[in-house]
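Accompanying notes for the structure given below.
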Amino acid sequence: MTNEPGEELKRVVGIPAFAATIINNTVGVGIYALPALVSLQLGEAGITGYLLCGIVFASIMLCYMEIGSRIKTSGGSYAYVESAFGPFAGFIVNWIFFFGYGVLSSAAVLNIVAGSVSALFPVFASPLMRILSMLVLISLIIYVNIRSARLSVLMVGFITFIKLLPLIGIIIFGIWKVIPSNLHWTHLPSLQSYGDAALTLFFAFAGFETSMCISGEIKNPRRTVPIGIIIGFGSVLILYVLIHSVAQGILGNELSGFKDAPLAEVANRIAGATGAVILLIAAIVSGFGNTCGDVLASPRVLFAGARDGLFPKFLGKVHPRFSTPHWAVITYAGLIFIIAASGGFKQLAILASAALLLIYLAVVLAVIKFRMKPEETMEKSFRIPGGLVIPFMAVIAICWLLSYLSKQEITSMLIFIAVVCVIYLFMKIGKVKSSGQPKSSMPVN
């Protein structure tokens with residue numbers, strides 16, 4: 001990994017801001033439907049699914065805490081894997097993260113935001129006005145992220161605070177309407193049920209790794225990364241457990257019947273129609289915040305990849321005035337808008353599930369490799385207690401989750417990786433041809 005003189009990113013992100021980006025990137029529009037989906041799969045013991053998923057993610061995040069405090073350049077998961085396994089592995093992870101998870105996920109979220117806006121304001125229901133609303137939203141996000149990473153982080157923090165208010169309101173005002181008998185459960189679900197629920201919960205908890213992409217702009221990574229992850233993920237886990245408890249406590253066996261908007265129904269029973277509208281607005285703010293947070297973090301993957309020759313060089317440029325990777329931001333956000341406006345992302349969205357699991361697996365394996373070859377820099381970074389026990393636990397957990405993917409998801413994942421490998425091969429061939437290497441001469445007898 002290299003940094004060109006005069007183009008270094010500024011380290012402006014501290015612990016509160018970093019923790020806020022983790023909460024923002026994790027708590028998205030999915031929370032508004034999650035309780036019903038979990039209840040459908042695990043029944044009255046739904047809370048145990050959150051706790052199980054929390055344990056799985058804790059093992060993965062501990063690995064991110066260690067390697068994130070060691071590798072201080074921008075790029076997040078890509079930078080970690082590239083440092084451990086070389087440019088080819090980094091290239092694959094970069095493309096998986098960029099296309100298989102980042103762009104498609106944000107495009108889906110942007111579509112949900114546009115749909116929620118049109119539900120509140122019917123004038124945006126037409127296809128043209130819907131696209132216009134998405135263009136306005138993505139333009140605002142681009143402007144904020146180009147002006148300053150600090151400004152973007154402040155906006156993400158503000159949106160995180162605003163979007164959490166209705167959820168906290170449900171907890172505070174809903175807890176008085178909870179029927180204790182609705183929270184009673186007599187037996188644990190089957191392992192198959194937990195596996196199915198874990199895949200659903202996996203996506204609800206995913207998002208913290210996106211925040212790691214701004215590692216090149218984090219102040220004192222050794223301290224900020226571990227503490228920020230603990231605060232951010234701990235807050236998310238507590239929030240999810242409380243939200244599900246209130247939803248189940250109020251709706252009981254009816255919870256699984258409100259698949260589209262269980263929290264809107266909870267708000268309706270707490271505060272009437274006004275509560276439902278507030279939750280709809282919160283969903284819009286939540287989706288906007290998630291997209292804004294993604295455009296803050298993910299372009300750093302493009303930026304880091306461009307610096308290493310994996311993407312066009314212009315994506316590795318830093319704005320001379322604002323010190324932000326402006327072309328990477330514009331390119332990434334532009335792709336989100338194009339895919340969201342066309343709706344074509346739905347055919348490829350199935351790749352997102354397998355993509356993030358593979359990225360996690362690659363990062364955990366990178367931690368194991370660095371542990372096998374300790375260096376002086378490891379003594380200056382955070383280290384997971386217990387040696388390799390937790391990294392191996394993370395590998396087992398990820399493989400367990402991968403085993404629940406469908407054949408279609410596995411096939412799509414393998415095809416995508418094969419295409420990426422072909423792209424890498426052609427890029428290598430192109431570099432060899434452009435290098436102008438002289439032909440070998442025949443030996444003289």
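The values are calculated or read from the model by the stated rules, or taken from the named source; none is laboratory data. Owing to the predicted nature of the structure, the values given are computational and were not obtained by experimental measurement. Cβ atoms come from the backbone with ideal geometry, glycine included; neighbour counts cover every protein chain shown.
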Helices (runs of 4 or more DSSP H) fully within the stretch 294-377 counting 2 or more residues that are farther than 25 Å from Gly68 by Cα and modelled with pLDDT under 85: 326-342, 345-348
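Results for (1) surrounded by 24 or more Cβ atoms within 10 Å (Cβ to Cβ); (2) at pLDDT 80 or above, shown as yes or no for each residue.
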| site | (1), (2) |
| --- | --- |
| Asn3 | no, no |
| Gly6 | no, no |
| Val13 | yes, no |
| Thr26 | yes, no |
| Ile55 | no, yes |
| Gly75 | yes, no |
Can you tell me which residues in the stretch 220-271 are without any contact (Cβ under 8 Å) to a residue 40 or more places away in the chain and of a type in the set (D, E, K, R)? Glu254, Glu265
Do any helices (runs of 4 or more DSSP H) entirely within the stretch 55-126 hold 3 or more residues that are touching a Gly at 6+ places or on another chain (Cβ under 6 Å) and either in contact (Cβ under 8 Å) with a residue 60 or more places away in the chain or of a type in the set (Asp, Glu) (or both), and if so, which? 77-85, 104-120
When residues of the stretch 162-209 are filtered for being closer than 30 Å to Ile396 by Cβ, part of a helix (DSSP H, G or I) and free of Cβ contacts under 8 Å to residues at least 60 places away in the same chain, how many remain? 2
Long-range neighbours under 8 Å by Cβ, at least six apart or interchain, first residue of a type in the set (D, E, K, R) within the stretch 390-414, second surrounded by 13 or more Cβ atoms within 10 Å (Cβ to Cβ): Glu409/Ile350; Glu409/Leu351; Glu409/Ser353; Glu409/Ala354
